[in-house]
Amino acid sequence: MFDEIMAKFAGSPGQQAVVRLLLERGFSVNESGRVVSGGIEIPNTQVAAEVGVDRRVVDSTTDALLADDELRPIFHNISAVPSLRDLAPVLDLSVLTVEVADAEASGIVAAVTGAIADHGVSIRQTISEDPEFTDVPTLSVITDDPLPGAVLTEIREMAFVRRLELE
């Protein structure tokens, strides 16, 4: 779906940058064409500054999103999900990031979280990046306690695992 969305803005790298930001941050576009996070309006000048375009590019992008019958419901309903990933060091949590060979394969989240649960470690949050929205999708698992070496070895040996990172 990501490629289809970006294709609609193929002639404008600036508009693609705005769309990418909206998707990455979970910002939606309200009926008035304003970029919002929940009920909080984000000035187009700030959106423009973040992606390095003129404010008018943001205006034209939101107008185009609202004018498109396929894109309008997507960008009206997108929302952000709070992540513990960046807070983990502050909250004394552990983060395991798993990069996989084929992110569209089934059972990845179940296998990783099952292995962690089998070792008695409580999971606070999982974040699975959508392979359509990123070039290198990862699975991040945030836990209360550090992961034992045995669980890391077990996960590393799973056929789909390309790389592990522990924070």
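Checked against the criterion of being of a type in the set (Val, Ile, Thr) and in a helix (DSSP H, G or I), region 69-88 contains one or more residues that satisfy it.
The conditions of being touching a residue at least 12 places away in the same chain (Cβ under 8 Å) and of a type outside the set (A, V, I, L, M) are not met by residue 156.
Within region 1-56, the residues that satisfy the criterion of being more than 19 Å from residue 68 (Cβ to Cβ), open to solvent by 40 Å² or more (accessible area, probe 1.4 Å) and assigned to a loop (DSSP other than H, G, I, E, B) are 38, 39, 43, 52, 54. Within region 61-97, the set of residues being among the charged types (D, E, K, R) and either open to solvent by less than 80 Å² (accessible area, probe 1.4 Å) or more than 22 Å from residue 137 (Cβ to Cβ) (or both) comprises 63, 68, 69, 70, 72, 85, 92. Right, residue 133: closer than 30 Å to residue 33 by Cβ and touching an Asp or Glu at 6+ places or on another chain (Cβ under 8 Å) or not? So residue 133 passes the test. Against the conditions (1) farther than 15 Å from residue 83 by Cβ; (2) surrounded by 13 or more Cβ atoms within 10 Å (Cβ to Cβ), residue 122 satisfies every one except (2).
Among (1) at negative phi; (2) without any contact (Cβ under 8 Å) to a residue 60 or more places away in the chain, where does residue 33 come up short? Just one mismatch for residue 33, condition (1).
Of the candidates 103, 117, the single residue that is open to solvent by less than 80 Å² (accessible area, probe 1.4 Å), of a type in the set (A, V, I, L, M, F, W, C), touching a Pro at 6+ places or on another chain (Cβ under 7 Å) and within 21 Å of residue 161 (Cβ to Cβ) is 103.
Whenever a residue of region 99-117 is β-branched (Val, Ile, Thr), its partners that are in a loop (DSSP other than H, G, I, E, B) and open to solvent by 40 Å² or more (accessible area, probe 1.4 Å), lying with C-beta atoms within less than 7 angstrom and at least six residues away or across chains, give the pairs 100/160; 108/160.
The values are calculated or read from the model by the stated rules, or taken from the named source; none is laboratory data. All values derive from a computational prediction rather than experimental measurement. Note that we place each Cβ from the backbone using ideal geometry, even for glycine, and neighbour counts take in every protein chain shown. Ligands, DNA and RNA are excluded from the accessible area calculation, which covers all protein heavy atoms including side chains. Shrake-Rupley method; radii C 1.70, N 1.55, O 1.52, S 1.80 Å.
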